[in-house]
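These notes are about the structure you will find just below.
The values are calculated or read from the model by the stated rules, or taken from the named source; none is laboratory data. Nothing here was measured: the structure is a model prediction, and the numbers come from that model. Here the Cβ is made from the backbone with ideal geometry for all residues, glycine too, and neighbour counts use every protein chain on show.
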């Protein structure tokens, strides 16, 4: 199993609540609509709670500001994901990026490929 993890920071014109609403109610159905073309096995959104809930935890650890959410997308393998390189997959990728630009500050939102290692 290969995962794409995307730590999301909202665009400045969104509140955390409006960002999460758009992400869940507009972007998620869009991702679901192209899952076959992109061969996505699973898509999960982790919505952050209000920042003040995590303030003391961040202060103790000296951590940076949190994210507005984290998205994870699963593929069976890197090869399976790469095989989705036809015109339908390219069009789906462009569609998702166009929508992401509407609500995500992409310059402040890291993403990376990873392989899960279950500890328990």
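Counting just the residues of segment 104-120 that are closer than 14 Å to residue 74 by Cβ and in a loop (DSSP other than H, G, I, E, B), which one comes out nearest to the chain's Cα centre (by Cα)?
Selected residue: 116.
Would a scan of segment 81-91 turn up a residue that is more than 18 Å from residue 2 (Cα to Cα), assigned to a helix (DSSP H, G or I) and free of Cβ contacts under 8 Å to residues at least 40 places away in the same chain?
Taking segment 81-91 and keeping what is more than 18 Å from residue 2 (Cα to Cα), we get 86-88, 90-91.
Subset that is assigned to a helix (DSSP H, G or I): 87-88, 90-91.
Filter once more, so that each one left must be free of Cβ contacts under 8 Å to residues at least 40 places away in the same chain: 87, 90.
There is at least one residue in segment 81-91 that is more than 18 Å from residue 2 (Cα to Cα), assigned to a helix (DSSP H, G or I) and free of Cβ contacts under 8 Å to residues at least 40 places away in the same chain.
So, in segment 33-54, of the ones that are in a helix (DSSP H, G or I) and modelled with pLDDT under 90, which residue ends up nearest to residue 16 (Cα to Cα)? Break it down stepwise before answering.
Taking segment 33-54 first, the residues in a helix (DSSP H, G or I) are 33, 35-38, 51-54.
Imposing the further condition that a residue be modelled with pLDDT under 90 reduces the set to 51-54.
Working: 51: 9, 52: 12, 53: 14, 54: 14 Å.
Among them, the one singled out is 51.
Looking at (1) modelled with pLDDT of 90 or more; (2) surrounded by fewer than 10 Cβ atoms within 10 Å (Cβ to Cβ); (3) within 13 Å of residue 7 (Cβ to Cβ), which is the only condition residue 64 fails?
All conditions are met except number (1).
Restricting attention to segment 81-94, report how many residues are out of contact with any strand residue (DSSP E or B) (no Cβ under 8 Å at 6 or more places or on another chain) and modelled with pLDDT under 80.
Going through segment 81-94, the residues out of contact with any strand residue (DSSP E or B) (no Cβ under 8 Å at 6 or more places or on another chain) turn out to be 82-94.
Still in the running and modelled with pLDDT under 80: 82-85.
Looking only at that region, the number is 4.
For segment 28-65, how many residues meet the condition of being in contact (Cβ under 8 Å) with a residue 12 or more places away in the chain and touching a strand residue (DSSP E or B) at 6+ places or on another chain (Cβ under 9 Å)?
Within segment 28-65, residues that are in contact (Cβ under 8 Å) with a residue 12 or more places away in the chain and touching a strand residue (DSSP E or B) at 6+ places or on another chain (Cβ under 9 Å) number 13.
Among 96, 57, 30, 73, which is outside any helix (DSSP H, G or I) and either surrounded by 14 or more Cβ atoms within 10 Å (Cβ to Cβ) or out of contact with any helix residue (DSSP H, G or I) (no Cβ under 8 Å at 6 or more places or on another chain) (or both)?
73
Out of curiosity, is residue 21 modelled with pLDDT under 95 and either surrounded by fewer than 17 Cβ atoms within 10 Å (Cβ to Cβ) or over 16 Å from the mean Cα position of the chain (by Cα) (or both)? Give the steps one after another, and end with the answer.
Numbers: modelled with pLDDT under 95: no; either surrounded by fewer than 17 Cβ atoms within 10 Å (Cβ to Cβ) or over 16 Å from the mean Cα position of the chain (by Cα) (or both): yes.
Criteria not met by residue 21.
Just checking, which of 19, 24 is assigned to a helix (DSSP H, G or I) and in contact with a helix residue (DSSP H, G or I) (Cβ under 7 Å, 6 or more places away or on another chain)?
Working: 24 fails: in contact with a helix residue (DSSP H, G or I) (Cβ under 7 Å, 6 or more places away or on another chain).
Within the list 19, 24, the selection yields 19.
Anything in segment 5-27 that is within 16 Å of residue 67 (Cα to Cα) and touching a residue at least 60 places away in the same chain (Cβ under 8 Å)? List them, or say none. Please lay out each step first, then the result.
Quick first cut of segment 5-27, residues within 16 Å of residue 67 (Cα to Cα) only: 5-24.
Within segment 5-27, 5, 6, 7, 8, 9, 10, 11, 12, 14, 19, 22, 23 meet the criteria.
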